[in-house]
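The structure appears below as structure tokens.
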Amino acid sequence: MSATHPTGVRNSLADLVVDLIDAGAAAGTLEFQTSGSAEVATLTFSDPAFGSASSAVATASAITADSSATGGTITKAVAKDSNGNICFTCTVTATGGGGDIELNSVVVSAAQQVSVTSLTYTAPP
Amino acid sequence: MALTLGVNSGFVTTAPSADPAGTGVTIDGSSVVTKHTSPANAAKITSIGWYRESGTNGANFEVALYSDLAGVPVTRLFVDNTNSTTSNGWVTVAVDWAISASTAYWLAVQMDAHSGSSGIDTAASGGAGYDAQTSQTTLNDPYGGGLVADADGMAAIYALVQLNVTGTGAVIAQSADAAGSGVSKSSGSGNVVAGSADAAGAGVAQWLAAGAVSAQAADAAGVGISKSSGSGNVIAGAADAAGVGVSRSVGGGAPQASAAVVDGDGITKSLGTGAVLAQAAAVDGDGAVTAANVVGSGAVSAQAASVDGDGAVSDSAITGTGDVRASASTISGMGLVEGDQPQSSGGGKFRKRPAWIVPMHPRPYMPIITGSGDVRAGSASVRARGEKKMSARQRAFVAGA
């Protein structure tokens, strides 16, 4: 069977991860990338990026949209601190595709606005 | 195909190409507007198109976007007023007009009067509003005209809209691996440390390639070991696949263990080439480590022995015809007198040896002086029994001649 953690530990795990986004001097970013890791759009987290976890779930504060995306086809998103250190990577799909983040379109044109209206991080069970 | 809002009339996300097969009305010398509500997340209009169902005159035409007020076009928000084409079918104009999402707008086309005639496709139902004004030389601001001609009509005018990309996320961290549950597992190179189960079972970190593995729990084969199939070192304090209480290296690594054994005989055993160190027990029940039990080339050291479950060195390991020497009190304490021949036993064999008093010999030990034995043990015990009334267990040294 797999290892499990009590809720208090899971909260600590979630906080540990999402707090890494705040490690740099400035706000962290949520960078959408192509399968080849090329930047498509970069959104900016609040600073701090997430509130304290509850029931193993940390919820992001407001994320500032990228009003002028580089463009490309998104397959993943990478949460980074302002120094570029990666905190976590997650999948991105079109709505209904089952990705960690679902967008109404993963095909982004240059200068298109890209936003995420809500984001949560759930710690391992 | 029919004229349809969101497909070939109003706001669309994909430009139509087919003939909408609507009803043609005169566009030259007139203005035509059609209403639609922009989609959620709409950001801007990148192109305006209208279906010129007839006419090839290259007269100027204008396209524009009007605001809506109570179902009537009012303010001209954007206009592109210098365009011309001699083609019919879908006629397009590239624009870059920022709009609001989920907002009602009127799309407009006006074409200057010209010789011959040009028409635009329309439909009398299925739309959100349609109006036309004749004798127009431009798209006015405000639009004017009062109530619209058809509240559910529409014209074949589309606005290709670009949506903002938006979404939501729920990132869920997982602990299980592809094979099952609760482990980090590497098929490549690197160190793996895990405290939970792997694909094969419960509670182990398993290393399939080269590298060091540390674990305190069970492996695929059984209980309590970390196991390396590669060349890494394995350190464990518990049992291995073969039995109990040993770490075992299948590769070339050096196993180290402070406990028990393979084959149930109190020794660590190496299947590879590593050196085996053990502080207990032996092999084959005879208090010795036999060469046969060293499968590899490693050195085997043992400091103690136990025999047959009776705490004695078996006679088969004692060769020759030696005697037994002890202090007078030891001899006396066993009910013997010097010259008696107590019987030592072991391995089901019995041997009589004369007992001799050695002054100042430490009690209670009784060294058995063998003829040519080469078995040495620092704490081996011997059950010695006299012919008449010896029944006490005594300690003895066994030493080579």
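Remarks
- Residue count, segment B:142-166 (criterion: more than 30 Å from A:A65 (Cβ to Cβ) and either within 14 Å of chain A (Cβ to nearest Cβ) or in a loop (DSSP other than H, G, I, E, B) (or both)): 12
- Test: residue in segment A:76-98 that is at the interface with chain B (Cβ under 10 Å from one of its Cβ atoms), crowded, with 19+ Cβ neighbours inside 10 Å and in contact with a Phe, Trp or Tyr (Cβ under 6 Å, 6 or more places away or on another chain): yes
- Residue ID - nearest to B:Q174 (Cα to Cα), chosen from residues in segment A:99-114 that are surrounded by fewer than 19 Cβ atoms within 10 Å (Cβ to Cβ) and within 7 Å of another protein chain (Cβ to nearest Cβ): A:N104
- So A:A123, is it facing chain B (nearest Cβ under 9 Å) and under 15 Å from the mean Cα position of the chain (by Cα): yes
- Residue within segment A:15-34 that is among the polar types (S, T, N, Q) and either part of a loop (DSSP other than H, G, I, E, B) or without any contact (Cβ under 8 Å) to a residue 12 or more places away in the chain (or both) present: yes
- Of all the residues in segment B:23-49, those that are buried (at least 24 other Cβ atoms within 10 Å of the Cβ) and over 29 Å from B:T166 (Cα atoms) number 4.
- Evaluated against (1) away from chain B (no Cβ under 12 Å); (2) surrounded by 15 or more Cβ atoms within 10 Å (Cβ to Cβ); (3) closer than 22 Å to A:V108 by Cβ; (4) of a type outside the set (D, E), A:P48 falls short on exactly one condition, (3).
- The residues listed here are A:A62, A:A77; of these, the one that is in a strand (DSSP E or B) and hydrophobic (A, V, I, L, M, F, W, C) is A:A77.
- Residue in segment B:83-99 that is among the charged types (D, E, K, R), closer than 30 Å to A:S68 by Cβ and buried (at least 20 other Cβ atoms within 10 Å of the Cβ) present: no
- Pairing residues of segment B:144-155 that are under 12 Å from B:K35 (Cα atoms) with residues that are among the polar types (S, T, N, Q) and in a loop (DSSP other than H, G, I, E, B), at Cβ distances under 6 Å and at least 6 apart in sequence or on separate chains, gives B:D152/B:S125.
Values in this text are rule-based calculations from the coordinates and carry no lab data. Being a predicted model, the structure only gives us computed values, none of them experimental. Every residue, glycine as well, gets a Cβ built from its backbone with ideal geometry; the counts of neighbours run over all protein chains shown.
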